[in-house]
Each structure stands twice: as structure tokens, then as C-alpha cells.
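What follows is a set of notes on a single structure, which appears directly below.
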Amino acid sequence: MRFDQDKKISIIIYLLEKIDQGDSSISKAVSDNFCINQNTVHRYINELVEHDVIRRMKRNQYELVRQVYDYHLKRSSGELLSDMYAYDTCLSQHMKHLPANVQDIWTYAFSEMINNVMDHSNAENLTIHIEQDYLKTTVMVEDDGIGIFKKIQDHFHFGTIEDAICELFKGKLTTDTKNHSGEGIFFTSKMMDNFYIISGGKIFTINKYDSSATKDIAARETVGTCVFMSLSNFTHKESREVFDLYADPDGGFVKTTIPMKNIFDSSPVSRSQAKRVCNRLERFQEVDIDFDGVKWMGQGFAHQLFVVFANEHPEIKLVPTGMNDDVRKMYTHVTTEI
């Protein structure tokens with residue numbers, strides 16, 4: 001049976017995802033999902049082995065072939081004077097075969113992260129680690145500088161590292177207002193499938209993760225800052241669409257999202273925690289307060305955020321999302337008080 005190119009690509013991507021997930025019955029899974037016979041699946045597998053996309057480990061077990069590249073740049077050698085120098089030297093050659101929308105996202109994301117190293121980190125050394133297989137590209141940008149969370153904490157005189165991380169989620173945060181808008185990390189994190197910043201033993205990520213997913217990353221002994229980015233080579237995301245989600249008709253950055261579970265180690269309960277969330281929200285017109293993964297919230301937290309702050313800033317639209325029954329019950333309680 002012959003398929004059109006789109007269906008064949010869908011079959012291959014699904015097959016490779018099953019291999020990447022360690023599925024023990026790949027042929028049956030693909031056969032059942034696409035209603036094709038297992039001989040066809042085996043033919044595709046053999047083609048992928050022949051083209052060095054996957055390798056056979058043992059009978060009925062395969063793994064994706066990954067290409068790994070490492071680059072090292074030094075400030076004293078003049079290699080951290082231009083983000084485009086870093087892009088052209090390290091990444092561009094590995095992007096040429098990818099669709100234009102994917103290349104656009106990587107150009108933006110990589111340039112923003114390199115600029116952060118150049119302008120904020122005071123780092124001497126920059127290491128760029130790239131892993132690429134048929135399905136996705138992963139890039140790690142690691143420097144030996146001051147550390148991003150420590151830099152933000154010191155510059156803004158925040159009480160804790162956690163306060164600095166909380167501010168990063170909102171966007172529009174920079175220690176150099178003359179040269180930076182503070183939007184790079186925010187938009188890069190939205191464009192990527194996976195995005196982590198590791199520094200000083202802390203992790204910043206917008207991803208819905210469990211603790212096991214970040215153990216290997218968190219275990220890295222990072223002196224300065226390590227940024228981890230991963231994106232499907234077949235994503236349909238467009239960088240402009242991501243910008244438009246958080247912009248007004250004139251292109252202004254007016255919306256932001258704050259994922260509660262990624263800020264607080266336990267459910268938020270106090271007014272002081274709410275005040276931390278509210279800091280700088282007046283810079284936005286709409287704020288998505290994402291409670292996904294949060295089991296409950298305290299009355300003080302809810303009242304400070306949804307009553308006190310909301311009454312003081314009626315021009316700002318607070319949109320609670322991802323609430324379970326307990327969180328919604330407290331939200332309803334404070335917002336319907338007489």
C-alpha cells in the first residue's frame with residue numbers, strides 16, 4: 001500500500017516517537033494506530049535504519065541516532081562581541097535543513113540567550129552544547145558568569161532568589177533598560193517545547209513538569225547559568241503567533257502568564273506571597289494566573305490578589321485558569337464577600 005507524502009511523514013514521526021519513548025511493541029502500536037499491516041511498518045523501520053535515522057540495539061529494540069556538537073567561546077578572544085557570530089559559528093549549519101518557521105524560532109531564541117550572556121553575565125567562557133535527532137533539536141547555553149537569578153536579586157534588591165525567579169515569569173524584566181526590553185526570556189520560553197534556566201541550584205521553567213523530568217538537569221554543577229532549550233523539528237509554531245498572543249493590536253507586550261506551581265513549593269497561602277506575585281503587574285493589561293497543579297490556596301493569598309490588588313488596579317484584567325474545585329471555592333469565596 002502506498003501513501004501520500006503527508007501520511008507517510010505522520011507514520012514515520014509517530015514511529016520515531018514510540019521508539020524515543022521506549023515502546024516495546026512499536027510495530028503493533030503503529031499498525032493499530034494507522035490501520036496498516038506490520039510488514040509495512042517493518043519496511044519503514046528498515047528504511048530508517050538504512051538512512052541512519054535510527055539504530056538497531058537488539059531484536060525489536062531501536063534508538064534514535066543523535067548528533068552531538070560542542071562549541072566553546074571566550075570573551076577574551078573576542079568571541080562574545082556578537083550574537084550573530086555565535087549563531088553563525090555554532091548553530092546555523094545545524095538549522096539549514098529545518099523548515100523556515102523552525103529556523104526563525106531558533107534564530108530568535110538563540111540570539112536572545114547569547115545576548116544575555118554577552119551583556120549581563122560577566123562571563124569569560126561560554127559553552128554551547130547541541131543534540132539533534134530526526135524529531136527534535138536541543139541546545140544548552142552555559143556560562144561561568146555571576147548567575148542570572150543572583151544578578152536579578154542583587155540589581156533589584158529582592159529579598160530572595162525565589163523573588164527574582166517570580167519576576168522572570170512575568171517578563172519585561174531587565175537589569176539594562178537602555179539596551180534590553182526584558183522580553184527575550186519570556187518569549188523564548190513560550191516558543192520552545194521545553195525551556196529551563198538552571199542557576200544557583202534553582203530552576204526556572206514554564207513547562208508542566210514532574211520532579212523526575214528535571215533531576216538530570218538540576219544535578220548539573222552550574223557555576224553561572226545554564227539555559228536548556230528543546231524544540232520539535234516539525235513544530236507548526238510561528239514566532240509571530242507567539243508574539244501576537246501577548247500583544248495588543250499595536251504590537252505592545254500587554255499580557256503575561258504566571259504559573260503558580262512553578263513559583264511556590266507548596267500551595268500559596270499568605271498575603272506576602274500574593275504581594276510578590278503582584279509586583280510589577282501594573283505593566284500589563286491582562287494577567288493569566290495559572291493554578292494548574294495547585295491543590296488549594298489560602299484566604300489571605302486569594303483576598304490580597306483578587307480583591308485588594310484587583311480593586312486598586314481595575315484596569316488590569318486578572319484571569320484565573322486551571323483551578324480545581326478547592327482553589328475555585330476559595331476564589332469564589334473572596335470575590336463574592338460583602
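The table below gives the values:
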item: Matching option when the condition is touching a residue at least 24 places away in the same chain (Cβ under 8 Å), within 19 Å of C166 (Cα to Cα), open to solvent by less than 40 Å² (accessible area, probe 1.4 Å) and touching a Cys at 6+ places or on another chain (Cβ under 7 Å), among F301, F291, F309, F284; result: F309
item: Identity of the residue in segment 111-135, under 12 Å from M229 (Cβ atoms) and at pLDDT 95 or above, that ends up surrounded by the most Cβ atoms within 10 Å (Cβ to Cβ); result: I128
item: Conditions (1) in contact (Cβ under 8 Å) with a residue 40 or more places away in the chain; (2) open to solvent by 20 Å² or more (accessible area, probe 1.4 Å); number of the one not met by E315; result: (1)
item: Only one of I12, I36, I45, I26 that is of a type outside the set (K, R) and either within 18 Å of N233 (Cβ to Cβ) or open to solvent by 60 Å² or more (accessible area, probe 1.4 Å) (or both); result: I12
item: Members of segment 245-276 that are part of a helix (DSSP H, G or I) and at pLDDT 75 or above; result: M260, K261, R271, S272, Q273, A274, K275, R276
item: Segment 318-334, subset among the β-branched types (V, I, T) and within 14 Å of M297 (Cα to Cα), residue surrounded by the most Cβ atoms within 10 Å (Cβ to Cβ); result: V327
item: Count of segment 143-152 residues which are buried (at least 21 other Cβ atoms within 10 Å of the Cβ) and in contact with a strand residue (DSSP E or B) (Cβ under 6 Å, 6 or more places away or on another chain); result: 4
item: 1 or more residues among the small types (G, A, S): qualifying helices (runs of 4 or more DSSP H) within segment 23-135; result: 26-34, 83-86, 100-120
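The values are calculated or read from the model by the stated rules, or taken from the named source; none is laboratory data. As the structure is a computational prediction, the values presented were derived from the model and not from experiment. We place every Cβ from the backbone using ideal geometry, glycine too, and count neighbours over all the protein chains shown. Quick note on the areas: whole protein, heavy atoms, side chains included, nothing else; ligands and nucleic acids left out. Shrake-Rupley method; radii C 1.70, N 1.55, O 1.52, S 1.80 Å.
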